[in-house]
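This report refers to the structure that appears directly beneath it.
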Amino acid sequence: MIKVNLKSILGLAALGMTLLSNAVPTWAGRVDTPEVTVRNTGRDREARGSLVGARYSVDIQSIGCSINAGQFMYCEARDSAGNFLGCVSSEAKYIAEVQHMIDSSSLYFRVQDGSSACSIVNVLNYSSGLK
């Protein structure tokens, strides 16, 4: 009986030491947390990037959207060079898109040159956006 209990205790102790020795978590899967880019295509201006990529960048990057009283939405982005782009829309489809943002989303939006109205807003939620 004592032999069985001792074997059981030693087994549990070995298991505990094995679990404790792996202090760094192991992750699997693809990671894609792009930093923010703002560019002028000639006809349009566009911004893209991930919220995680902007948050963990070492500079002034930021990207995101907000909704005001469910009536209009506003998106803005700033890249590492300080280029800024913002757009606004009251279109229900863009408001609905922004409502699906989470803290690990990636965002893409486009503005027609000479305008401040959003012409495209895409929110992407993938496991690869997690950090």
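The values are calculated or read from the model by the stated rules, or taken from the named source; none is laboratory data. Note that the coordinates shown come from a computational prediction; the quantities given were computed from them, not determined experimentally. Neighbour counts run over all protein chains shown; Cβ positions are idealised from the backbone, glycine included.
The residues in the range 39-90 that are closer than 15 Å to residue 102 by Cα, among the hydrophobic types (A, V, I, L, M, F, W, C) and surrounded by fewer than 20 Cβ atoms within 10 Å (Cβ to Cβ) can be counted, and the count is 1. Among the residues of the range 63-106, the ones that are among the small types (Gly, Ala, Ser) and touching a Gly at 6+ places or on another chain (Cβ under 9 Å) come to 4 in all. Working carefully through the options 11, 49, 64, find the one that is modelled with pLDDT of 60 or more and over 22 Å from residue 116 (Cα atoms). Just a single option satisfies the conditions, and that option is 11. Whenever a residue of the range 28-41 is over 17 Å from residue 124 (Cα atoms), its partners that are modelled with pLDDT under 95 and among the acidic types (Asp, Glu), lying with C-beta atoms within less than 8 angstrom and at least six residues away or across chains, give the pairs 40/113.
Residue pairs whose Cβ atoms lie under 9 Å apart, sitting 6 or more positions apart in sequence or on different chains, and linking a residue in the range 56-78 that is touching a residue at least 40 places away in the same chain (Cβ under 8 Å) and over 15 Å from residue 92 (Cβ atoms) to a partner that is assigned to a loop (DSSP other than H, G, I, E, B) and of a type in the set (Gly, Ala, Ser), are 64/105.
Please list, ordered by residue number, the strands (runs of 3 or more DSSP E) wholly in the range 58-114 having 1 or more residues that are aromatic (Phe, Trp, Tyr) and out of contact with any helix residue (DSSP H, G or I) (no Cβ under 7 Å at 6 or more places or on another chain). I'd like the intermediate steps shown before the answer.
Working: elements: 62-68, 72-78, 84-89, 106-112.
Where strands (runs of 3 or more DSSP E) fall fully within the range 58-114 and carry at least 1 residues being aromatic (Phe, Trp, Tyr) and out of contact with any helix residue (DSSP H, G or I) (no Cβ under 7 Å at 6 or more places or on another chain), they are 72-78, 84-89, 106-112.
Within the range 83-122, being among the β-branched types (Val, Ile, Thr) and at pLDDT below 95 holds for one residue alone: 102.
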